[in-house]
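J.: Could you have a look at this structure, given as structure tokens, before my questions?
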Amino acid sequence: MLLLKDEMPLVAMEFMNAVHLEDIEIINELFALIVAYDKGKSSIEEINQKYQEWIAHTVEHFRGEEVMMVEKGFPPYAMHKGEHDRALDEMRGIFQEWQKTMDSSVLKIYLIEVLPFWLINHINTMDTVTARFFDTGFSPCGIAH
Ligand SMILES: [Fe+2]
Ligand SMILES: [Fe+2]
């Protein structure tokens with residue numbers, strides 16, 4: 001298991017916590033498939049399918065937050081969306097790199113050394129501030145909703 005659910009920061013919006021939990025489940029399943037692949041116990045197809053599922057889930061995860069940010073007029077929307085776009089590009093880039101090289105260490109380095117730090121940090125910062133704004137109308141820019 002790569003990411004522990006207990007270590008996931010909780011934000012002030014239940015719908016966001018639920019999506020984050022699903023995300024962690026998919027990441028753990030993907031990581032387990034990669035570990036199994038190295039032992040000859042899973043296939044490239046299984047990894048690809050799970051990775052694509054993860055990308056599709058992430059697109060919806062980010063879109064859900066972005067739609068609500070626009071609806072509620074979250075002032076630093078562009079900053080939060082920019083970070084989502086960057087993370088998705090990176091996730092897709094790693095998948096392409098894996099397709100090109102068929103080297104599972106590309107996936108492992110990303111999933112062990114990059115992704116957990118980014119995800120926990122993103123939830124702790126941007127998602128936390130955004131959820132608080134959804135909940136209370138308090139914005140880090142000082143503009144009450
Ligand atoms: Fe999120
Ligand atoms: Fe986010």
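J.: Please calculate how many Å² of accessible area region 23-136 carries per residue, with a 1.4 Å probe and no DNA, RNA or ligand atoms counted.
T.: 49 Å²
J.: Let me ask something else about it. Evaluate 2.2 N^0.38 Å with N set to the residue count of the chain, then give the Cα radius of gyration divided by it.
T.: The chain yields a ratio of 1.13.
J.: For an R0 of 22 angstrom, estimate the FRET efficiency from the Cβ-Cβ distance between F15 and Y77 and round to the nearest 0.05.
T.: After rounding to 0.05, the efficiency reads 0.80.
J.: Give the Rg (one decimal place) followed by the Dmax (whole number) of region 54-115, computed from C-alpha coordinates and expressed in Å.
T.: Values for region 54-115 (Cα only, Rg and Dmax): 14.2, 43 Å.
J.: Next question. Average the reciprocal distances over every distinct pair of alpha-carbons in region 9-76, invert the result, and give the Kirkwood radius in Å. Could the numbers behind the result be given before it?
T.: Values: mean 1/r = 0.0737 Å⁻¹.
With all distinct Cα pairs of region 9-76 included, I get 13.6 Å.
J.: On a straight-distance basis, which lysines could pair with K72 in a cross-link, Cα separation under 23 angstrom, same-chain partners fewer than 8 positions away excluded?
T.: Straight-distance partners of K72: K81.
J.: Got the relative contact order for the chain handy, in percent, Cα pairs under 8 Å and 6 or more residues apart? Could you put the intermediate results ahead of the total?
T.: Numbers: 109 pairs, mean separation 46.8, N = 145.
Answer for the chain is 32 percent.
J.: Would you kindly derive the ³J(HN,Hα) couplings of region 49-60 from the backbone phi angles with the Karplus curve 6.51 cos²θ - 1.76 cosθ + 1.60 (θ = phi - 60°), listing them in order in whole Hz, with x for Gly and Pro?
T.: 4, 5, 5, 5, 4, 5, 4, 4, 5, 5, 4, 5
J.: Equivalent ellipsoid semi-axes for region 1-45, as square roots of 5 times the alpha carbon gyration tensor eigenvalues: give them largest first, rounded to whole Å.
T.: Equivalent-ellipsoid dimensions as semi-axes: 28, 10, 4 Å.
J.: Relative to the Cα centre, what is the charge dipole magnitude of region 43-99, using +1 at the beta carbon of each Lys and Arg, -1 at the beta carbon of each Asp and Glu, and rounding to the nearest 20 debye?
T.: Roughly 180 debye for region 43-99.
J.: Roughly how many whole Å is it from the C-alpha centroid of region 1-70 to that of region 73-145?
T.: 13 Å
J.: As I understand it, the value is the acute angle between the Cα axis of helix 14-38 and the longest principal axis of the Cα atoms of the chain; what does it come to in degrees, rounded to 10?
T.: On a 0 to 90 degree scale, this one is about 10.
J.: Tell me the carbon and sulfur percent of the accessible area for the chain, rounded to whole percent, probe radius 1.4 Å.
T.: Result for the chain: 57 percent of the exposed heavy-atom area is carbon or sulfur.
J.: Per residue of region 2-12, in order, report the coupling 6.51 cos²θ - 1.76 cosθ + 1.60 (Karplus, θ = phi - 60°) as ³J(HN,Hα) in whole Hz, putting x for Gly and Pro.
T.: Ordered by residue, 3J(HN,Hα) equals 8, 10, 8, 4, 5, 8, 6, x, 9, 10, 7 Hz.
J.: Once every DSSP H run of n ≥ 4 in the chain is given -39500 (n - 2.57) and the sum is divided by its residues, what mean residue ellipticity at 222 nm do you get, rounded to the nearest 500 deg cm²/dmol?
T.: -23500 deg cm²/dmol
The values are calculated or read from the model by the stated rules, or taken from the named source; none is laboratory data. Being a predicted model, the structure only gives us computed values, none of them experimental. Cβ atoms come from the backbone with ideal geometry, glycine included; neighbour counts cover every protein chain shown. Please note that ligands, DNA and RNA were not included when accessible areas were found on the heavy atoms of the full protein model with its side chains. Shrake-Rupley method; radii C 1.70, N 1.55, O 1.52, S 1.80 Å.
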